[in-house]
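The values are calculated or read from the model by the stated rules, or taken from the named source; none is laboratory data. None of the values given here were measured: they were computed from a predicted structure. Heads up, the Cβs are rebuilt from the backbone with ideal geometry, glycines too, and the neighbour counts pull from every protein chain shown. Quick note on the areas: whole protein, heavy atoms, side chains included, nothing else; ligands and nucleic acids left out. Shrake-Rupley method; radii C 1.70, N 1.55, O 1.52, S 1.80 Å.
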Amino acid sequence: MGIGKAEFARRRARLAAGLLPGSLAIVPAAREQLRSRDTYFPFRQDSDFLYLTGFEEPEALLVLVPGRAQGEALLFCRERDAEKETWEGPRLGPERAAEHCGLCDAFPIGDLDDILPGLLEGRERIYYTLGRFPQLDRRLQNYLHEIDRARGSAGAPELVDLDHQLHDLRLFKSAQELRLLRSAAQITAEAHTRAMAHCRPGLYEYQLEAEILHTFVAAGAREPAYPTIVGGGRNALVMHYCANRAPLKNGDLVLVDAGCEYRGYAADVTRTYPVNGRFSGEQKALYEIVLAGQRAAIDEIRAGNHWDQPHLASVEVITRGLVDLGLLRGEVSDLVETGAYRRFYMHRAGHWLGMDVHDAGDYRVHGQWRQLETGMAMTVEPGVYIAANDDQVPERFRGIGIRIEDDVALLKDGPEVLSASAPKTVADIEYTMREGQVQGELW
């Protein structure tokens, strides 16, 4: 079950209520993207447009006109076309699109030049985000130029960026959104478990990726939320590694960072485990440090804490663990204050999660870290990465990269780990891999 049209109507009403008087907002749909020659990428709707409409066709535009008596929301979209629909699939057309989205009015996109300029006239400001849709930018600026030079005109409306208002709404997830995020995380956890159980020396990274993608598609999540990362051995040290072509070697770890997109909502989960199913002493020692850092971060996800507190908790725990192993030297407080830990832990502990894998929303408000509130969703993903050529650490630790990532929603009674069913402790990982290898022999 997806998002109902009543919720889309509530979202539009909340956005319209937050706009200044005498304003109008414009939100365009995504454009189809050429992959090569005459082949296109599968169409994926713009998240802002999808959030407000649920409409999944290109060549569309939403206009919000606060206070308009005939209805505050208007949709422009493609008309029905029997010949094109034979080749490209069905279109809703304006009349059915209005019903589908719960709108009072919808018009053919071909009528935009006749209708939109009239809506812009007399407005004090236009909420619209420049720079993402260059063709529409030019078209809109031409409209405003004509208004500005018209006889008796009071001047063109002021252009105001829409992102802040709209993305603040997207930051707080409804009950329906949380259900979809749970589904995306659960499918993703199942995919990680499947890959873990199938892993063994001699496979290639892309073969684990295949297990991940198979699980996604079989569960109805047709697309990954981002390119899947399968980094064996030293490849785990590359944050956004996605070549996935190398063989998996006995004695190495493999870092798998993968998440599906389910009905417009993303998951983002990482697991790191031994290719042969057994952690070495050094691998286990580092892994336990990262896991403890993640647990400390999750414990800090509480209403009233600020965004940076989970990260700081992970930093302190990981730094202390690296000192205990002799990989860092000095007082923990000094190593944290000077940023010395960044040699091994160079990224932050997480990001917002929702319709986009790095979802909309500010991390700071008026220069201060944002306060955590009920309804927010985020990832928690600390890591430790030791360069293969770092001659300041014992050789047995070099070339190891570990990241552990889960999806977390902040509810009234505290954090909920949405992806908790993916094995994460050393014992659970080794059990899953051992059982998977036994079953593999039977198959």
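Numbers for the structure displayed
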| read-out | value |
| --- | --- |
| Odd one out for His214, checked against (1) more than 30 Å from Arg245 (Cα to Cα); (2) surrounded by fewer than 17 Cβ atoms within 10 Å (Cβ to Cβ); (3) out of contact with any Lys or Arg (no Cβ under 7 Å at 6 or more places or on another chain); (4) not small (Gly, Ala, Ser) | (1) |
| Number of positions in region 28-81 that are basic (Lys, Arg), open to solvent by less than 90 Å² (accessible area, probe 1.4 Å) and either in contact with a Pro (Cβ under 8 Å, 6 or more places away or on another chain) or modelled with pLDDT of 95 or more (or both) | 2 |
| Helices (runs of 4 or more DSSP H) wholly inside region 152-221 containing at least 2 residues that are modelled with pLDDT of 95 or more and more than 26 Å from Asp359 (Cα to Cα) | 175-198, 205-218 |
| Out of Gly436, Gly440, Gly401, sole residue that is within 32 Å of the chain's Cα centre (by Cα), farther than 29 Å from Gly304 by Cα and at pLDDT below 95 | Gly436 |
| Restricting region 339-366 to residues that are open to solvent by less than 30 Å² (accessible area, probe 1.4 Å) and of a type in the set (Gly, Ala, Ser), the residue that is farthest from Thr379 (Cα to Cα) | Gly339 |
| Only one of Val417, Val408 that is at pLDDT 95 or above, open to solvent by 10 Å² or more (accessible area, probe 1.4 Å), of a type in the set (A, V, I, L, M, F, W, C) and closer than 25 Å to Gly264 by Cα | Val417 |
| Selection status of Tyr204, over 30 Å from Arg263 (Cβ atoms), free of Cβ contacts under 8 Å to residues at least 60 places away in the same chain, of a type in the set (Phe, Trp, Tyr) and open to solvent by less than 70 Å² (accessible area, probe 1.4 Å) | no |
| Selection count where residues are open to solvent by less than 30 Å² (accessible area, probe 1.4 Å) and either among the small types (Gly, Ala, Ser) or in contact with a Pro (Cβ under 7 Å, 6 or more places away or on another chain) (or both), scope region 10-21 | 2 |
| Hits in region 270-321 - residues which are in contact (Cβ under 8 Å) with a residue 12 or more places away in the chain, farther than 15 Å from Asp428 by Cα and small (Gly, Ala, Ser) | Ser280, Ala285, Ala292, Gly293, Ala296, Ala297, Ala303, Gly304, Ala313, Ser314, Gly321 |
| Members of region 159-172 found to be open to solvent by 20 Å² or more (accessible area, probe 1.4 Å) and of a type in the set (D, E, K, R), listed by number | Asp161, Asp163, Asp168 |
| Subset of region 258-282 that is open to solvent by 10 Å² or more (accessible area, probe 1.4 Å) and part of a strand (DSSP E or B) - its residue that is farthest from Gly220 (Cα to Cα) | Glu261 |
| Ile3 part of a loop (DSSP other than H, G, I, E, B), buried (at least 19 other Cβ atoms within 10 Å of the Cβ) and not hydroxyl-bearing (Ser, Thr, Tyr) | yes |
| Wholly within region 9-106, strands (runs of 3 or more DSSP E) carrying at least 1 residues that are of a type in the set (Val, Ile, Thr) | 23-28, 61-64 |
